[in-house]
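A short worksheet on the structure shown next.
The values are calculated or read from the model by the stated rules, or taken from the named source; none is laboratory data. The structure presented is a predicted model; accordingly, all values stated were derived computationally and were not measured. Glycine gets a Cβ as well: all are built from the backbone with ideal geometry, and neighbour counts include every protein chain shown.
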Amino acid sequence: MDYCAQDIAEVLVSSEQISQRISQLAEQIIADYRDKELIIVGILTGSFVFLADLLRKLDLPCVVDFIAADSYGTDTTSAGQIHIEKDLSMAVEGRDVLIVEDIIDTGLTLSRLVPMLRDRGAASVKTCCLLDKPSRRQVTVQLDYVGFQIPDQFVVGYGLDFAHHYRNLPQVVVLKPESYATVPDPQ
Ligand code: IMP
């Protein structure tokens, strides 16, 4: 994208790499869920681009719902707090759930969301993330499908944002340090 080419320090994952990896993940998911109907739960907002591309490769019966959730508090165990800003509109009871997330960082959000959906009676809960930053983990999380492991760098693009910007980039990039100062605050 030309409008912000000068802001980019490095392309970490190209759009070609993303597309290839999504095809592989979709094949794995299709094999694992043969003869089942999935409820795909996207965590807002960052997952929407990944989810849209993954979904169109999933040759399976499935429905899609979204949840906006934040973990908070200093308690780094899975028993900590989760704040649901926007809940699911569908019931998960008795259904096979696949949570789709953009990036796993501390792991806190996912570590609290998975038990919550199990408590609601989901038949199974699995997780799929595009990016994983294992060096940042504060709590153990179950990751069933992972696109790419990346180093401890803040990344944007392909749905991931800085101050709500850069979600439209087709690849995952690291910004130049000076770019952060020039991003307008949309609030
Ligand atoms: P955690 O795993 O609970 O710490 O939260 C993961 C969430 O933190 C993701 O869904 C993103 O919203 C955000 N996040 C973590 N690392 C990054 C990054 O490098 N770029 C953009 N958002 C990030």
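If the condition is being near the ligand (Cβ under 10 Å from one of its atoms), closer than 16 Å to I39 by Cα and not acidic (D, E), then segment 98-138 contributes L113, C129. Taken over segment 59-74, the criterion of being more than 12 Å from the ligand (Cβ to nearest atom), surrounded by 15 or more Cβ atoms within 10 Å (Cβ to Cβ) and farther than 14 Å from I99 by Cα is satisfied by L60 alone.
Within segment 147-162, being in contact (Cβ under 8 Å) with a residue 24 or more places away in the chain, farther than 23 Å from A181 by Cβ and not in a loop (DSSP other than H, G, I, E, B) holds for G147, F148. When we screen I30, I18, I22, I103 for residues that are part of a helix (DSSP H, G or I) and free of Cβ contacts under 8 Å to residues at least 60 places away in the same chain, the only hit is I30.
The selection criterion, being closer than 30 Å to C4 by Cα and near the ligand (Cβ under 8 Å from one of its atoms), does not hold for V141.
Just one of the listed residues (L169, L130, L143) is in contact with a helix residue (DSSP H, G or I) (Cβ under 9 Å, 6 or more places away or on another chain) and without any contact (Cβ under 8 Å) to a residue 60 or more places away in the chain, namely L143. The residue of segment 82-109 that is nearest to D144 (Cα to Cα), among those that are at pLDDT below 95 and among the hydrophobic types (A, V, I, L, M, F, W, C), is L108. Selection of segment 144-163 for residues being within 11 Å of the ligand (Cβ to nearest atom), farther than 22 Å from H83 by Cβ and not hydroxyl-bearing (S, T, Y) yields I150, P151, D152, Q153, F154, V155, V156, G157.
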